[in-house]
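These notes concern the structure reproduced below.
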Amino acid sequence: MPITPTAPTPGTSRAPQAGGAAPELPATMTALVVLEPNRFEIREVPVPVPGPGEVLARVRAVSICGTDAHLVRGDYPGFWPPSFPFTPGHEWAGDIVALGPGTDLYGWRIGDRVAGTSHDACGVCQKCVEGRYNLCESYGVMELHRQYGHNFPGADATYVLHGVKAVFRLPDGLSYAEGAVIDPASIALHVANRAGVRPGDVVAVTGAGAIGLLAGDAALVRGAARVLILEANPVRLAKAAQMGFETVDSRSGDPAAEVRARTGGLGADIVLECAGVPATVQLALAMLRRGGRCAAVGIPTKGVDIDMQRLVLDELELVGSRASAGEMRQVMPLVEQGRIRVRDVTTHHFALSDYGLALSTFHDPTSGAIKIIIEP
């Protein structure tokens, strides 16, 4: 079904002034509004007002995530988003322009450069106390846990509202465009952490999208001896090779057999499943060494058949990896040092008014698009 952007609608409402806000903030802002699956428009909406523990930021760059594309298509009905209309976007960077009550106590000031992440968890449930706030047991209760751009309005707009737990200082050495890829970089580091990559491991990665390529870098950061990237798209496969990874064309022959052939018949110690389709999940398990572990960050939109006999008899491990849990801070110096290469996976820039073209480019397998940056 074609995606139908419609003409902008002029805004007429006014938003109240936020406490601590710069006096020149406008009453309305431009935002991407998904009206229903596969239909969106760029329209004027009220500028949100930060409440206690919240900041308002001017969005300078926001990247398109695969989840955004699924959300626009309506692939997660009633969950992401809970209802339409809705504004997506959760990988962003910008400047704080207004402070809600009490946020100055955390050290935030107007003008601070920040990068945002999606999970704003309760902070007090058992999982949050253990540091696994991405698994917050209050998820979905808006007063306790919001996931920006998923179940609460996101950053595909001129301004975005975030709780202080979901913003991180952007180092001066990183641009806003690089800052907009910090969140996916943290997700890539989290999946490598969940996989438990150890020095000397052979790691295979399914999918050469932004998460897959950055996960390859994260595996190297954790000490992997070799990283093999499996991909069907020839443009993305070439990008993986250009970045120095071993590549396997998953269109030709049996890619699992190819991985085994390159590893002395044993298979990969670790697989990072970053494509999120049933075939790649099956492929990931097929090319694991005995006792190997697969960490999956891609989310298939339909069921997956798993070879349970091999899973049991070879003691394979399949673990999920959701967003990140503390890696935002950890990944920033790695990006600054060029060890996790967000600049290499950034391929296109568009204005927010051209979101329809940006999304079409994202879906076009011949475009070479990996990470697309929107600049509101």
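What follows draws every value from the coordinates through simple rules; no lab data is involved. These numbers come from a predicted model, not from an experiment. Cβ atoms come from the backbone with ideal geometry, glycine included; neighbour counts cover every protein chain shown.
Listed by chain and number, the aspartates and glutamates whose C-alpha is less than 14 Å from the C-alpha of LYS302, apart from same-chain residues fewer than 8 away, are ASP75. Among the trypsin sites (Lys or Arg not before Pro) found in the range 114-166, those both in a DSSP coil and sparsely packed, with 16 or fewer other Cβ atoms within 10 Å of their Cβ, are ARG132. Averaging the sequence gap over all C-alpha pairs within less than 8 Å and six or more residues apart, then dividing by the number of residues, gives the range 185-320 a relative contact order of 23 percent.
Distant-in-sequence amide contacts of CYS122, defined by a placed amide H-H separation under 5 Å and a gap of 5 or more residues or a different chain, comprise SER138.
Amide H contacts under 5 Å for ILE229: VAL205, GLU246, THR247, VAL248, restricted to partners 5 or more places along the chain or on a different chain, H placed in the peptide plane at 1.01 Å from N.
Run the numbers for ARG322 and ASN38: contour at 0.36 nm per residue of separation, minus the present Cα-Cα distance, in nm.
99.7 nm
Its relative contact order, with pairs defined as Cα atoms under 8 Å and 6+ residues apart, puts the range 273-376 at 20 percent. Here each label is just a point 7 Å from Cα along the line to Cβ, and for ASP172 and ILE299 those points are 3.8 nm apart.
Each of VAL221, VAL304 has some number of other Cβ atoms within 10 Å of its Cβ, and from fewest to most they run VAL304, VAL221. Applying the Karplus relation 6.51 cos²θ - 1.76 cosθ + 1.60 with θ = phi - 60° to the range 95-102 yields 3J(HN,Hα) values of 10, 6, 10, 8, 10, x, x, x Hz, where x marks Gly and Pro. Backbone geometry of the range 250-257 corresponds, through the Karplus equation with coefficients 6.51, -1.76 and 1.60 at θ = phi - 60°, to 3J(HN,Hα) couplings of 6, 7, 10, x, 10, x, 5, 5 Hz, x marking Gly and Pro. In this structure the amide hydrogen of ARG39, modeled in the peptide plane, comes within under 5 Å of the amide hydrogens of THR4, none closer than 5 places in sequence on its chain.
Between LEU105 and ALA279, residue separation times 0.36 nm minus the direct Cα-Cα distance comes to 57.7 nm. The fewest-to-most ranking of TRP108, TRP92 by surrounding Cβ atoms within 10 Å reads TRP108, TRP92. Dividing the alpha-carbon radius of gyration of the range 218-376 by the rule-of-thumb value 2.2 N^0.38 Å gives 1.14. Remark: relative contact order (the chain) = 16 percent; criterion is Cα-Cα distance under 8 angstrom and separation of 6 or more residues. Taking the Cβ of TYR148 as the center, what net charge do the other residues with Cβ under 13 Å away carry, scoring Lys and Arg +1 and Asp and Glu -1? Charge balance in the 13 Å sphere: -4. The GluC sites (Glu not before Pro) found in the range 33-139 that occupy coil by DSSP, while having at most 11 further C-beta atoms within 10 Å, are GLU130.
So which residue, out of CYS294, CYS136, CYS274, gets the largest mean-square fluctuation from a GNM of the chain using Cα contacts under 10 Å as springs? Maximum fluctuation in the GNM of the chain, among the listed residues, is at CYS136. Per-residue Karplus couplings for the range 203-211, computed as 6.51 cos²θ - 1.76 cosθ + 1.60 with θ equal to phi - 60°, are listed in order as 10, 10, 10, 8, x, 10, x, 4, 5 Hz, Gly and Pro entered as x. Per residue, the chain reaches -7000 deg cm²/dmol at 222 nm when only DSSP H runs of four or more residues are counted, each adding -39500 (n - 2.57). Once the C-beta distance of VAL129 and HIS349 is scaled by a Förster radius of 51 Å, the resulting FRET efficiency is 0.80 to the nearest 0.05.
The ranking of LEU35, LEU318 from fewest to most other beta carbons within 10 Å of each one's beta carbon is LEU35, LEU318. The slack between ASP314 and ALA27, meaning 0.36 nm per residue of separation minus the straight C-alpha distance, is 97.3 nm. Between LEU357 and LEU266, the modelled label-to-label distance comes to 5.1 nm, taking each label 7 Å out from Cα in the direction of the beta carbon. Rounded to the nearest 0.05, what FRET efficiency is calculated for ASP95 and ARG198 with R0 set to 30 Å and r the Cβ-Cβ distance? Taking R0 as 30 Å, the efficiency between ASP95 and ARG198 is 0.15. Remark: the range 270-376 carries a charge dipole of roughly 240 debye about the Cα centre, counting +1 on each Lys and Arg Cβ and -1 on each Asp and Glu Cβ. Take the Cβ atoms of ARG329 and ALA69, set R0 to 30 Å, and the FRET efficiency comes out at 0.60.
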